[in-house]
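Here the structure is laid out as structure tokens; the discussion comes afterwards.
The values are calculated or read from the model by the stated rules, or taken from the named source; none is laboratory data. Treat the numbers as computed from the prediction; the structure is a model and nothing was measured. Because the Cβ atoms are built from the backbone with ideal geometry, glycine has one as well, and the counts that use them run over all protein chains shown.
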Amino acid sequence: MELRLRSLGQAGGSQRVWSLAYLDVTATEGRKLLTEDQYAHLVQQFEALSCEEDPRRSRTQDIRQIEDFWELREKGGLLGRMNVRVYFTVLESERLILVLKVYKKEEEGQTPGYVKIAVRNRLRTALRLLAEDQRGTDGERRGKG
């Protein structure tokens, strides 16, 4: 798995407060589940969240906490009858929104246990990759100084 940072410009005059990152497996999962337009729509939802002071308490998105991570709940519009959840976490020290899983919800009720396990596993992997990347960056800086 690889961790990818999404480069973002200005958002229609709004200042970006948060950076966005995702695992390559998460992007693949979303692209298999959604059309290009639907996928682009969900990316735009996260770009809008990156302008929020606190993306966990959005004024425009339906965000709910699930254990120690969050879900963006989206249904209708470009998604039609599809009910999609995108799971993410917020790393305050990094000012980073980390997207972890895309899931098509088909049954009523709470988030299934296997989805929570997958999100937790991906979170551990992403944090490890982020730490490795930072160590590499710190090491390069020390080596140049």
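Of the set (1) of a type in the set (Val, Ile, Thr); (2) under 20 Å from Gln15 (Cβ atoms); (3) part of a helix (DSSP H, G or I); (4) over 14 Å from the mean Cα position of the chain (by Cα), all apply to Thr60 but (3). Taken residue by residue, segment 83-103 has at least one member that is within 18 Å of the chain's Cα centre (by Cα), in contact (Cβ under 8 Å) with a residue 40 or more places away in the chain and surrounded by fewer than 15 Cβ atoms within 10 Å (Cβ to Cβ).
All told, Leu130 meets the bar of being at pLDDT below 95, under 16 Å from the mean Cα position of the chain (by Cα), part of a helix (DSSP H, G or I) and of a type in the set (A, V, I, L, M, F, W, C).
In this structure, Val119 does not satisfy being under 13 Å from the mean Cα position of the chain (by Cα), under 22 Å from Gln45 (Cβ atoms), among the β-branched types (Val, Ile, Thr) and part of a strand (DSSP E or B).
So, Arg135, is that one free of Cβ contacts under 8 Å to residues at least 60 places away in the same chain and in contact with a strand residue (DSSP E or B) (Cβ under 7 Å, 6 or more places away or on another chain) or not? It would help to see each step written out before you state the result.
Details: free of Cβ contacts under 8 Å to residues at least 60 places away in the same chain: yes; in contact with a strand residue (DSSP E or B) (Cβ under 7 Å, 6 or more places away or on another chain): no.
Criteria not met by Arg135.
Can you say whether Thr60 is surrounded by 19 or more Cβ atoms within 10 Å (Cβ to Cβ), in contact with a helix residue (DSSP H, G or I) (Cβ under 9 Å, 6 or more places away or on another chain) and among the polar types (S, T, N, Q), as far as the supplied structure shows? No; evaluated as a whole, the condition is false for this residue.
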